[in-house]
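The values are calculated or read from the model by the stated rules, or taken from the named source; none is laboratory data. Every value quoted in this text rests on a predicted model; they were computed, and no experiment measured them. Using ideal geometry, Cβ is built from the backbone for each residue, glycine included, and neighbour counts are taken over all protein chains shown.
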Amino acid sequence: MNELIEELANPVVLIVDDEFLQRLPMREALEQASFRVLEAEDGRQAWAFIQRERPDLVLSDVVMPRMDGFSLCETIRHQDELAHLPVVLATSLDDVASIERAYQAGATDFITKPIHWGLIGHRVRYILRSARTAQALADRESALLRARLEIVRRLGWAAEYRDNETGQHILRMSQYAVLLGRAIGLSAHDQELLLNAAPMHDVGKIGIPDSILLKPGKLTTDEFSVMQTHTVLGGKLLDEEPSLLLRTAYLIALAHHERWDGKGYPFGLEQDDIPLMGRICSLADVFDALTSKRPYKEAWSVAQAVEEISRCSGTAFDPRLVQAFLDILPEIVQVKEAHADTEQTGSESLAQSLLLR
Ligand SMILES: [Fe+2]
Ligand SMILES: [Fe+2]
């Protein structure tokens, strides 16, 4: 990890205190410890400094006119790009309520008054180093997450490519899934999970022979049995992954052909036993399949597809999801129109989508 943490030669510390006689020894002690120092007289002045000068650490008093240390800390924490800026509040050791309040406001740490000037440099350097380690870890984690997401997305594209469908299909169905998720009150976090996991619903089709997958006519019973295994194959591909994203994708791959009445596959799960994300993707996937042209069928109109989905409420689909779908139909249609298929073949469209991304 050490190589990730760039040591700063002269880190900039912003001291915030309304009393000059407090700032003065603080400045001297920090400068002696090789820090560069900025000074502000209250929270509001400090906030202006932070936006302009981007100090490496803020060391603030709590009780100040205009904006106190807690408010300053909260203001900083409301800015995403300042999430890792270390903020240290100076409180009295016996003032436990203030210490508690400092942590609630998002302070990185606190130092107790009276401040020991000889030790302040060590303390600040230690806090700075811990914060930079945390930031390096967070950066590395988000880079890993992005790489994993990208691989997984491309796996989804690859599966759809084999299926002769256009790249637009997974784009549309995953957005329908998000709209449905939002309509039934899923959190923003879960909606994002859906957006990223839904594209992998048919990833198991990678393991289905071309003679079945690409057959233009109706499948025989045996062929259909093989086709159904794409759910379990997808599950195997995505299993034993600790990340929540792939865990969600795993559930979706397994459950997106289950039916509310228990007559789906691969397990014949019923109602709430079917993972919710799978139920959502099932409806989103079927609506897109119905309204899209496929080698074996023409595209249905939205009205026809809506009629079919309503008819299947309580049999194929979760009735609550069908109702939500009907409620948000205008938004669904907007997505459909924004990502309509072109006359290109699936492979051309896929190649273009990959190039354009
Ligand atoms: Fe499928
Ligand atoms: Fe699909």
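Results, tabulated for the structure shown:
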| read-out | value |
| --- | --- |
| Pairs where the first residue, in region 65-90, is among the hydroxyl-bearing types (Ser, Thr, Tyr) and the second is buried (at least 17 other Cβ atoms within 10 Å of the Cβ), C-beta under 7 Å, 6+ apart | SER71/GLY43; THR75/TRP47 |
| Residues of region 235-281 classified as farther than 21 Å from GLY181 by Cα, at pLDDT 90 or above and within 14 Å of ligand 1 (Cβ to nearest atom), total | 4 |
| Wholly within region 238-340, helices (runs of 4 or more DSSP H) carrying at least 3 residues that are on the phi > 0 side of the Ramachandran plot and within 16 Å of ligand 2 (Cβ to nearest atom) | none |
| Residue count for region 191-217, restricted to those that are in a helix (DSSP H, G or I) and either in contact (Cβ under 8 Å) with a residue 60 or more places away in the chain or in contact with a strand residue (DSSP E or B) (Cβ under 6 Å, 6 or more places away or on another chain) (or both) | 4 |
| Answer from LEU193, LEU179, LEU171, LEU144 - the residue that is within 16 Å of ligand 2 (Cβ to nearest atom) and either within 30 Å of ASP327 (Cβ to Cβ) or not assigned by TED's automatic domain parsing to the domain that holds VAL63 (or both) | LEU171 |
| In region 284-306, the residues that are hydrophobic (A, V, I, L, M, F, W, C) and within 13 Å of ligand 1 (Cβ to nearest atom) | ALA284, VAL286, ALA289 |
| GLU160 modelled with pLDDT of 85 or more and within 30 Å of MET200 (Cβ to Cβ) | no |
